[in-house]
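Okay, so here's the structure we're looking at.
The values are calculated or read from the model by the stated rules, or taken from the named source; none is laboratory data. All values reported here derive from a predicted model rather than from experimental measurement. Neighbour counts are summed over all protein chains in view; Cβ atoms, including those assigned to glycine, are modelled from backbone coordinates with ideal geometry.
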Amino acid sequence: MSDTPIRPDPVYTADAAFFWEAADRSELSCERCTDCARLRHPPRPMCPWCRSTAREAVRLSGRGRVLSWIVPRHPAPIGFAESPVVVLVALEEGIRLVSNLEGVDPERIAIGLPVEVAFAPTRGGHAVPVFRPAGSAR
């Protein structure tokens, strides 16, 4: 088997470029409204609470807990050798993030499982945030 990553590259948009650039540096980030100070994800041009367009990027801890998960089987996910575990994570900072969970047998996943961020390479040389059980992230 090749060591070349097959995971697809992220889709860059004007609003999310900062997020993917941070991931390439192995940092997890989100937006914070500079008017009402609320964190938000996914990135968007306007705060959903106060309607401000003033925003800044904030680095996150990368620690959280599993809220839900699924293993998609059909159709087969494109860009993965095996079906990935898709997970909804509640981060310590109070936002939620959909990602993949690696390094754990799906039969052992439970709601509340502590996780931490890691970064997986993509076929185009970028990185995307994924999660692993706390204490096992590289």
Please indicate, with yes or no, whether at least one residue in the stretch 100-113 is assigned by TED's automatic domain parsing to the domain that holds residue 127 and in a strand (DSSP E or B). yes
Going by the structure shown, is residue 35 in contact (Cβ under 8 Å) with a residue 12 or more places away in the chain and in contact with a Pro (Cβ under 7 Å, 6 or more places away or on another chain)? no
For the stretch 99-131, give me each residue that is in contact (Cβ under 8 Å) with a residue 12 or more places away in the chain, under 15 Å from residue 71 (Cα atoms) and not aromatic (Phe, Trp, Tyr). 99, 100, 101, 102, 103, 104, 106, 109, 110, 111, 130
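Matching residues to (1) out of contact with any Cys (no Cβ under 6 Å at 6 or more places or on another chain); (2) modelled with pLDDT of 95 or more; (3) surrounded by fewer than 17 Cβ atoms within 10 Å (Cβ to Cβ); (4) closer than 19 Å to residue 123 by Cβ:
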position: 12; (1), (2), (3), (4): yes, no, yes, yes
position: 26; (1), (2), (3), (4): yes, yes, yes, yes
position: 29; (1), (2), (3), (4): yes, yes, no, no
position: 35; (1), (2), (3), (4): no, yes, yes, no
Just the residues that are of a type in the set (Asp, Glu), closer than 20 Å to residue 130 by Cβ and either assigned to a loop (DSSP other than H, G, I, E, B) or assigned by TED's automatic domain parsing to the domain that holds residue 101 (or both), please, taken from the stretch 12-63. 27
Here is a check on your reading of the model: is residue 88 assigned by TED's automatic domain parsing to the domain that holds residue 125, in a strand (DSSP E or B) and free of Cβ contacts under 8 Å to residues at least 24 places away in the same chain? yes
Taking the conditions exactly as written (within 20 Å of residue 6 (Cβ to Cβ), surrounded by 12 or more Cβ atoms within 10 Å (Cβ to Cβ) and among the β-branched types (Val, Ile, Thr)), does residue 71 satisfy them or not? yes
Before we move on, is residue 123 under 19 Å from residue 22 (Cα atoms), touching a Gly at 6+ places or on another chain (Cβ under 8 Å) and part of a loop (DSSP other than H, G, I, E, B)? yes
Given the criteria part of a strand (DSSP E or B) and touching a Lys or Arg at 6+ places or on another chain (Cβ under 6 Å), does residue 66 qualify? no
Could you look through the stretch 105-132, keep only residues that are within 17 Å of the chain's Cα centre (by Cα) and among the aliphatic types (A, V, I, L, M), and pick out the one that is farthest from residue 29 (Cα to Cα)? 113
Working only within the stretch 25-55, note down all residues that are more than 19 Å from the chain's Cα centre (by Cα) and of a type in the set (Lys, Arg). 51, 55
